[in-house]
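One structure is given below, encoded as structure tokens.
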Amino acid sequence: MRANSLALRLFLWAAGWTLAIVLVTGIVLSSLYRDAVERAFDGRLQVYLRTLVADLAAPEIPDDKLAQGVSEPLFELPLSGWYWQVTQIDSAKPEIRASRSLWDGGLPRLPVPTAAAALSVRSGYVNGPEDQKLRLVERNVDLGEEGSYLVAVAGDAAEIEDDIRSFDRALFITFCALALVLLLTTAFQVQFGLAPLKRISQQLAAIRSGQAERLEGNFPVEIAPLAREANALLDANREIVERARTHVGNLAHALKTPLSVVMNEAATRADDPFAQKVREQADVMRDQIARHLERARMAARLTVVGTVTEVAPVVLSISRSMEKINRHKNLRLKVDAPEDAQFRGERQDLEEMVGNLVDNACKWAQARVSIEVLKERTDDERQVIRVIVDDDGPGLTPAEREQVARRGRRLDETKPGSGLGLSIVVELAGLYGGSLTLGTAPLGGLRAELVLPAA
């Protein structure tokens, strides 16, 4: 899951609620278990409490009868944590009878909030002898003429804490395992639920790379409208491109004939200065029309999604053609192009760009021309192809390199051509998001580096 992705958002949202629910449930269960353990412990203490109360209320109680009534060995061990105590509370000098385990100490009393609560069994935590934490239950007993008594029984609270601690440990391990399973299940559900979106993304990438033309397959009802609209958009894009191509062709034919008539008429009056001016401006118009129609044609082709061209066959074909054309110069053209290099664009555009660069190199080369194709990845993770054309000609200075790339600027009028080749390459590469740079070749002449998007 990548940052700022829909899958990560859904997972974090579901995971947050899952962990919150597990945490709250764990706290609630631990609290309920504590209450249950305390009630069970209080029930055990109340058994001893009722035994003491029954013995206290029995007539003709001998002095040691209370000790005999509670037959728990822990009450006989000094400071064992288990104690009982009976206190007469209505005499000037309270009489206290207690278990042997209390030794010389005594049990504290619980606070009595109301008079009604004084007649019921009360329970709570207190600190006993040696600062022991005790769970204590007590009850007031009124025997009428025989007096009022406070009967209290306390047990070691460490038993409660140990029991709760063991339960919390088991609960923590169980809930951690449960949370892990739930998180894994959530991650699987998110991936499974968003799988159709990933499939659409992969198919769109295939369309852009030229491996497919439409989104195919069955999609869930929530995503099916998106797929239909995407296919409709692709169809509309193709129709617009075809319409633009038709309009460009019609415009070219509509302007070509009148312009030819104007130039022919001007050519019949070679001595007329006005006719010369008309012919000069008509040449400019023809160049401008050809230039802008070519740009329109290129832009129309660039809107077609999914066009991919193999680079190696194009480069090899151009090199063979240039060797035949320049047979009189005995040029050696060396080509190094990987078979898997692909250009994300139309073959005609690639032929035009590479052809202009190789043609320019062959015009100026003395004996050698090198064409190298590289596949690279840019800093922003884009796949590009780099076409490097070197020659062993005179080369160019930095100022001449800048000048020669401009439209119509030529440094040597003795060489054939209109001077538009490199400027067309620059513009066409720019439309594809690429670039052309000129430098010094290792062979000593000019190096032209063309960077284009790879498929």
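Structure data summary
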| read-out | value |
| --- | --- |
| Amide hydrogen neighbours beyond the local backbone of Leu79, cut-off 5 Å, H modeled | Leu102, Trp103 |
| Amide H within-cut-off set for Gly106, under 5 Å, with H built and near neighbours excluded | none |
| Heavy-atom accessible surface of the chain: percent carbon and sulfur, 1.4 Å | 56 percent |
| Probe 1.4 Å, protein heavy atoms only - accessible area per residue of the chain in square angstrom | 58 Å² |
| Karplus-derived 3J(HN,Hα), 6.51/-1.76/1.60, for each residue of region 123-134, Hz, glycine and proline x | 9, x, 9, 9, 9, x, x, 6, 6, 6, 7, 10 |
| Loop-located GluC sites (Glu not before Pro) in region 328-367, at most 15 other Cβ atoms within 10 Å (DSSP) | Glu339 |
| Cβ-defined net charge surrounding Ala206, 15 Å radius [Lys, Arg +1; Asp, Glu -1] | +3 |
| Degrees separating the helix 311-325 axis from the principal Cα axis of the chain, which is the longest one | 10 degrees |
| Counted charge near Asn326, where neighbours are those whose Cβ lies closer than 10 Å (Asp, Glu -1; Lys, Arg +1) | +2 |
| Around Arg135: net Lys/Arg minus Asp/Glu count, Cβ-Cβ under 14 Å | -4 |
| Nitroxide proxy distance, nm - points 7 Å out along Cα→Cβ at Gln276 and Ala230 | 6.4 nm |
| Relative contact order of the chain, pairs being alpha-carbon contacts under 8 Å that are 6 or more residues apart, as % | 9 percent |
| Helix-only CD estimate at 222 nm, as mean residue ellipticity for the chain, using -39500 (n - 2.57) per DSSP H run (n ≥ 4) | -18000 deg cm²/dmol |
| Positive-end residue, the chain charge dipole about Cα centroid, Cβ charges, pick of Thr246, Tyr33, Leu110 | Thr246 |
| FRET efficiency, 1/(1 + (r/R0)^6) with R0 51 Å, evaluated for Ala15 and Glu310 via beta carbons | 0.65 |
| Amide H contacts of Ala454 (H built 1.01 Å from N, under 5 Å, at least 5 apart or other chain) | Arg344, Gln383, Val384, Ile385 |
| Within region 5-48: backbone nitrogen closer than 13 Å to the Leu180 label point (7 Å, Cα to C-beta) | none |
| Note, ³J(HN,Hα) from phi for region 186-196, Karplus 6.51, -1.76, 1.60, rounded to Hz, x at Gly and Pro | 5, 4, 5, 5, 5, 5, 5, x, 9, 4, x |
| At R0 = 45 Å, FRET efficiency that the Cβ-Cβ distance of Leu32 and Glu146 yields, to 0.05 | 0.60 |
| Backbone HN-Hα couplings from phi across region 77-87 [Karplus 6.51/-1.76/1.60, Hz, Gly and Pro as x] | 7, x, 6, 6, x, 10, 9, 9, 8, 10, 10 |
| R0 of 60 Å, Cβ-Cβ distance Lys256-Glu216: FRET efficiency to nearest 0.05 | 0.90 |
| Cα→Cβ-extended label distance, 7 Å offset, between Ile89 and Lys329, nm | 12.0 nm |
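The values are calculated or read from the model by the stated rules, or taken from the named source; none is laboratory data. Remember, it's a predicted structure, so these values are computed and weren't measured experimentally. Heads up, the Cβs are rebuilt from the backbone with ideal geometry, glycines too, and the neighbour counts pull from every protein chain shown. Quick note on the areas: whole protein, heavy atoms, side chains included, nothing else; ligands and nucleic acids left out. Shrake-Rupley method; radii C 1.70, N 1.55, O 1.52, S 1.80 Å.
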